[in-house]
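Peer 1: Submitted below is the structure of interest, expressed as structure tokens.
The values are calculated or read from the model by the stated rules, or taken from the named source; none is laboratory data. In this text, all values refer to a predicted model and were calculated from it rather than measured experimentally. Every residue, glycine among them, receives a Cβ derived from its backbone with ideal geometry; neighbour counts consider all protein chains shown. Heads up: the accessible areas ignore ligands, DNA and RNA and are worked out on the full protein's heavy atoms, side chains in. Shrake-Rupley method; radii C 1.70, N 1.55, O 1.52, S 1.80 Å.
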Amino acid sequence: MAEVTIVGAGVIGLSCAVRLLEAGHDVRVYGRSLSPDITSAVAAAVWYPYLAEPRDRVTGWSAATLAEFAALAARGVDGVVMTPGTEIFREPVPEPWWTSAVPSVERVEAPRPGYAEGWSFVSPVIEMPVYLPWLAGRVRELGGTVEQRDVRSLAELDGTVVNATGLGARELVGDAGMEPVRGQVVYLEQVGVDRWWIDDSALDLGVTTYVVPRSRDIVVGGTEDHGAEDLTVDPATADAILARARALVPELADARVLGHNIGLRPSRPTVRLEREGDVVHCYGHGGAGVTLSWGCADEVAALVG
């Protein structure tokens, strides 16, 4: 068995750590930042293949991750809840490309006023402030370690290395293909909403509308600002997010605002998951880090061998 160092303590790095520990490897995880001060903690996070390519590999990783989250939910793991929801469209569309990863998808006519159709299915909603500590705890339970350390070069590390640094791969390995995609969200009080909704009809304008219920709050978003890295909450953007979310789900009309947040999605033309000598690279998951996490962790474990 190998001694493996994972650089990156987000959902990808921690999921890889679990799989490698289960395979019998000695594993330590280094994170420049740890939860909750990481991008993964901002995620809504509903299972949905978003802003990630190539589609054939993404579909496989997504299917494996969906199956694992369903199993975790059945075991009662904190922060993982199988939740019904609908992606809606203003015009009729072909069946979405990712539906082969889902056990059952139902077409819905006129799901909301002004919308032509939708595709409904049951998806895991992952409450990241709860799930990430559980995941780190699972790493430690299996005998691994999670430490805060700023790794400036992979040459600092001995043995097998997993590069799960997300956007940090721009500097760490000089990957100019990495691009931040800024996403702003608003947290509302939980007022009894029990379904998620997604409307991506205005993505060409840099906005997406989603409503994701969690146990203590509801996450509504959002934005898709390519190349933007400003972490300052924009009040006008927050107001626009709220207006769109309340139009989509009128039950949110009187829900109090609990807070705001911003994350930088680690986007890349394609997810990089490959072995290069003693390094296994696993980054560039865009807006689908949670959605691809367990499928990619399985492949990382296979590459480490």
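Peer 1: Which ranges mark the strands (runs of 3 or more DSSP E) fully within region 116-192 that have 2 or more residues being at pLDDT 95 or above and of a type in the set (A, V, I, L, M, F, W, C)?
Peer 2: 117-126, 160-163, 179-189
Peer 1: Can you tell me which residue among Arg138, Arg152 is closer than 19 Å to Cys16 by Cα, touching a helix residue (DSSP H, G or I) at 6+ places or on another chain (Cβ under 9 Å) and among the basic types (Lys, Arg)?
Peer 2: Arg138
Peer 1: Something else about it: Can you name every residue in region 280-297 that is over 12 Å from Ser62 (Cβ atoms) and either aliphatic (A, V, I, L, M) or open to solvent by less than 10 Å² (accessible area, probe 1.4 Å) (or both)? Write out each step before concluding.
Peer 2: Of region 280-297, the ones over 12 Å from Ser62 (Cβ atoms) are 280-284, 286-287, 297.
Scanning region 280-297 gives Val280, His281, Cys282, Tyr283, Gly284, Gly286, Ala297.
Peer 1: Which residue pairs have Cβ atoms under 9 Å apart, sit 6 or more places apart or on different chains, and have a first residue in region 142-155 that is open to solvent by 60 Å² or more (accessible area, probe 1.4 Å) and a second that is in a loop (DSSP other than H, G, I, E, B) and of a type outside the set (S, T, N, Q)?
Peer 2: Close Cβ pairs (under 9 Å, with a partner that is in a loop (DSSP other than H, G, I, E, B) and of a type outside the set (S, T, N, Q)) amount to Glu147/Ala9; Glu147/Leu34; Gln148/Ala9; Gln148/Arg32; Gln148/Leu34; Arg149/Arg32; Asp150/Arg32.
Peer 1: Also, quick follow-up: Take Gly277 and tell me if it is free of Cβ contacts under 8 Å to residues at least 12 places away in the same chain, open to solvent by 20 Å² or more (accessible area, probe 1.4 Å) and either closer than 30 Å to Val27 by Cβ or within 14 Å of the chain's Cα centre (by Cα) (or both).
Peer 2: Numbers: free of Cβ contacts under 8 Å to residues at least 12 places away in the same chain: yes; open to solvent by 20 Å² or more (accessible area, probe 1.4 Å): yes; either closer than 30 Å to Val27 by Cβ or within 14 Å of the chain's Cα centre (by Cα) (or both): yes.
Spelling it out, Gly277 is indeed free of Cβ contacts under 8 Å to residues at least 12 places away in the same chain, open to solvent by 20 Å² or more (accessible area, probe 1.4 Å) and either closer than 30 Å to Val27 by Cβ or within 14 Å of the chain's Cα centre (by Cα) (or both).
Peer 1: Also, quick follow-up: Give all pairs with beta carbons closer than 7 Å in which a residue from region 294-305 that is closer than 14 Å to His25 by Cα meets a residue that is open to solvent by less than 20 Å² (accessible area, probe 1.4 Å) and of a type in the set (Gly, Ala, Ser); count only pairs at least 6 apart in sequence or on separate chains.
Peer 2: From region 294-305, the pairs are Ala297/Ser15.
Peer 1: Continuing with the same structure: Scan region 225-250 residue by residue and report those that are of a type outside the set (Val, Ile, Thr) and either part of a strand (DSSP E or B) or crowded, with 23+ Cβ neighbours inside 10 Å (or both). If you could, list the steps in order and put the result at the bottom.
Peer 2: Within region 225-250, the subset of a type outside the set (Val, Ile, Thr) is 225-231, 234-236, 238-240, 242-248, 250.
Within region 225-250, Asp225, His226, Ala245 qualify.
Peer 1: Sticking with this one: Here are some conditions: (1) at pLDDT below 95; (2) part of a helix (DSSP H, G or I). Gly263 meets all but one. Which one does it not meet?
Peer 2: Going through (1) at pLDDT below 95; (2) part of a helix (DSSP H, G or I) one by one, Gly263 breaks only (2).
Peer 1: Mind listing whichever residues of region 266-305 are farther than 28 Å from Glu229 by Cβ and either in a strand (DSSP E or B) or of a type in the set (Val, Ile, Thr) (or both)?
Peer 2: Of everything in region 266-305, those that are farther than 28 Å from Glu229 by Cβ and either in a strand (DSSP E or B) or of a type in the set (Val, Ile, Thr) (or both) turn out to be Arg275, Val304.
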